[in-house]
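This report refers to the structure that appears directly beneath it.
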Amino acid sequence: MTIKVFGHKAPDTDTTGSALIWAWYLSEIKGTPAQAKLLGEPNTEAAFVLEKWSFDKPEIIADVADDEQVVIVDTNNPAELPANINNADILAIIDHHKLVGGLETKGPIDITIRPLACAATIMHDLMGDDAAKMPDNIKGAMLSCILSDTLEFRSPTTTDHDKALAVKLASELNLDLSTYASEMFEAKSDVSEFSDAELLRMDSKEYAVGDTKFRVSVLETTAPKIVLDRKASLMNSMTDVATEDGVDQVLLFVVDILNEEATMLIPNDLTKAVAEKSFSATVEGDTVVLPGVMSRKKQIIPNLVV
């Protein structure tokens with residue numbers, strides 16, 4: 001039986017790359033057949049990374065079968081996983097997010113959750129000496145994961161361990177780290193072909209504050225004006241997306257990678273109240289700039305108050 005390795009819905013670079021890395025490790029080092037899968041279309045940055053390092057796009061799957069062997073990477077949240085996940089045979093979880101709860105397994109499993117910036121860094125540690133056997137495309141995927149999740153070390157999630165590994169990988173690949181990061185972020189910023197609803201779901205996670213359910217959407221970009229020029233239509237779409245996805249409100253944060261700040265869209269009184277209570281912001285108009293806010297995991301979700 002071939003193990004399916006996948007991360008969360010709305011796959012970003014770390015989820016996409018980590019699935020490929022661990023499937024390679026299981027297949028080529030451990031001799032256990034494994035394949036990377038996706039739970040949706042990769043975002044533009046992840047698609048760039050796939051092309052850059054000559055990977056075929058992994059198959060997109062909608063669900064998993066009863067007793068199917070799987071490894072989960074870059075999440076442990078059932079809301080971000082296939083509907084039938086608890087009936088699959090989960091073999092392992094490799095993640096860097098807080099433990100959410102709700103997953104059920106058929107027996108004892110390997111779970112590794114560490115406070116590092118991305119799942120790929122954890123995988124390098126788990127490989128031990130076998131990490132030296134990584135081919136260039138796997139090293140490239142790992143470097144891409146780190147640069148993406150740390151926003152080239154700008155994010156407060158960055159650790160010295162993540163940074164040291166990225167510098168090491170870039171050297172081995174003979175890449176200028178900053179130049180490559182800029183290429184990735186340029187790809188991430190090209191959102192012209194996506195509808196408003198697609199943008200709102202592209203990099204988003206569901207999160208509840210008390211009885212209020214949010215879809216917390218983040219768009220990381222080096223060209224925030226491109227997104228903010230669409231703010232009127234995006235705010236209109238927020239209501240439709242919230243209704244379709246069964247949440248009370250979509251919260252959208254446009255993260256300016258270069259200026260290290262986020263702009264939050266304020267379409268109504270609820271989002272205004274959230275911005276003011278959560279970030280001590282003064283809201284005037286339909287947007288508010290939040291200086292220094294770069295990370296949904298460390299700076300947005302933990303601070304949300306209704």
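Of all residues in region 38-51, those that are within 14 Å of Tyr180 (Cα to Cα) have Cβ atoms under 7 Å from Cβ atoms of residues that are among the small types (Gly, Ala, Ser), 6 or more apart or on another chain, in Glu45/Ser148; Glu45/Ala187; Phe48/Ala187; Val49/Gly17; Val49/Ala141; Val49/Ser144. Apart from one condition, Gly101 fits all of (1) modelled with pLDDT of 95 or more; (2) surrounded by fewer than 19 Cβ atoms within 10 Å (Cβ to Cβ); the exception is (1).
Could you count how many residues in region 172-181 are exposed (fewer than 15 other Cβ atoms within 10 Å of the Cβ) and of a type in the set (A, V, I, L, M, F, W, C)?
Number of matching residues: 0.
Restricting to region 182-216, name every residue that is within 12 Å of Ala242 (Cβ to Cβ) and either surrounded by fewer than 18 Cβ atoms within 10 Å (Cβ to Cβ) or of a type in the set (S, T, N, Q) (or both). Across region 182-216, the qualifying residues are Ala197, Ser204, Glu206, Thr212, Lys213.
Scanning region 215-231 for residues that are in contact with a helix residue (DSSP H, G or I) (Cβ under 8 Å, 6 or more places away or on another chain) and not charged (D, E, K, R) yields Val216, Ser217, Val218, Leu219, Thr221, Thr222, Ala223, Ile226, Val227. Against the definition (outside the structural domain of Val254 (by TED's automatic domain parsing) and closer than 18 Å to Gly292 by Cβ), how does Pro135 come out, yes or no? Spelling it out, it is not the case that Pro135 is outside the structural domain of Val254 (by TED's automatic domain parsing) and closer than 18 Å to Gly292 by Cβ.
Quickly run through region 269-282 and pick out the residues that are over 13 Å from Phe214 (Cβ atoms) and surrounded by fewer than 17 Cβ atoms within 10 Å (Cβ to Cβ).
Residues satisfying the conditions are Asp269, Glu276, Lys277, Ser280, Thr282.
Would you confirm whether or not region 200-210 contains a residue that is over 21 Å from the mean Cα position of the chain (by Cα) and in contact (Cβ under 8 Å) with a residue 60 or more places away in the chain? Yes, region 200-210 contains a residue that is over 21 Å from the mean Cα position of the chain (by Cα) and in contact (Cβ under 8 Å) with a residue 60 or more places away in the chain.
Go through the residues of region 46-60 one by one and say whether even a single one is closer than 27 Å to Glu152 by Cβ, of a type outside the set (A, V, I, L, M, F, W, C), modelled with pLDDT of 95 or more and crowded, with 22+ Cβ neighbours inside 10 Å. No, region 46-60 contains no residue that is closer than 27 Å to Glu152 by Cβ, of a type outside the set (A, V, I, L, M, F, W, C), modelled with pLDDT of 95 or more and crowded, with 22+ Cβ neighbours inside 10 Å.
Among the residues of region 113-129, the one identified as under 13 Å from Ala19 (Cα atoms) and not in a helix (DSSP H, G or I) is Cys118. Test Ala232 against the stated conditions and say whether it is under 27 Å from Cys118 (Cβ atoms) and exposed (fewer than 14 other Cβ atoms within 10 Å of the Cβ). Judged against the criteria, Ala232 is not a match.
Looking only at region 145-171, filter to residues that are among the charged types (D, E, K, R) and crowded, with 20+ Cβ neighbours inside 10 Å; which one of those is farthest from Glu220 (Cα to Cα)? Per the stated criteria, the residue is Asp162.
What are the residues in region 250-265 that are in contact (Cβ under 8 Å) with a residue 60 or more places away in the chain and surrounded by fewer than 24 Cβ atoms within 10 Å (Cβ to Cβ), if any? Within region 250-265, Ile257, Glu260 qualify. Cβ-Cβ distances below 8 Å connect the following pairs, each with a first residue in region 149-177 that is within 21 Å of Ser295 (Cβ to Cβ) and assigned by TED's automatic domain parsing to the domain that holds Cys118, a second residue that is part of a loop (DSSP other than H, G, I, E, B) and among the hydroxyl-bearing types (Ser, Thr, Tyr), and a separation of six or more residues or different chains: Asp149/Ser155; Asp149/Thr157; Thr150/Thr157; Thr150/Thr158; Ser155/Ser295; Pro156/Ser295; Thr157/Ser295. Of all residues in region 256-306, those that are in a helix (DSSP H, G or I) and aliphatic (A, V, I, L, M) total 6. Here the strands (runs of 3 or more DSSP E) wholly within region 1-112 that include at least 2 residues being touching a strand residue (DSSP E or B) at 6+ places or on another chain (Cβ under 8 Å) and farther than 21 Å from Met142 by Cα are 89-95.
Could you tell me whether Val289 is crowded, with 18+ Cβ neighbours inside 10 Å and among the β-branched types (Val, Ile, Thr)? Working first, answer last.
Values: crowded, with 18+ Cβ neighbours inside 10 Å: no; among the β-branched types (Val, Ile, Thr): yes.
No; evaluated as a whole, the condition is false for this residue.
The values are calculated or read from the model by the stated rules, or taken from the named source; none is laboratory data. As the structure is a prediction and not an experimental result, all values here were calculated from the model. Positions of Cβ are generated from backbone atoms using ideal geometry, with glycine treated the same way; all protein chains shown enter the neighbour counts.
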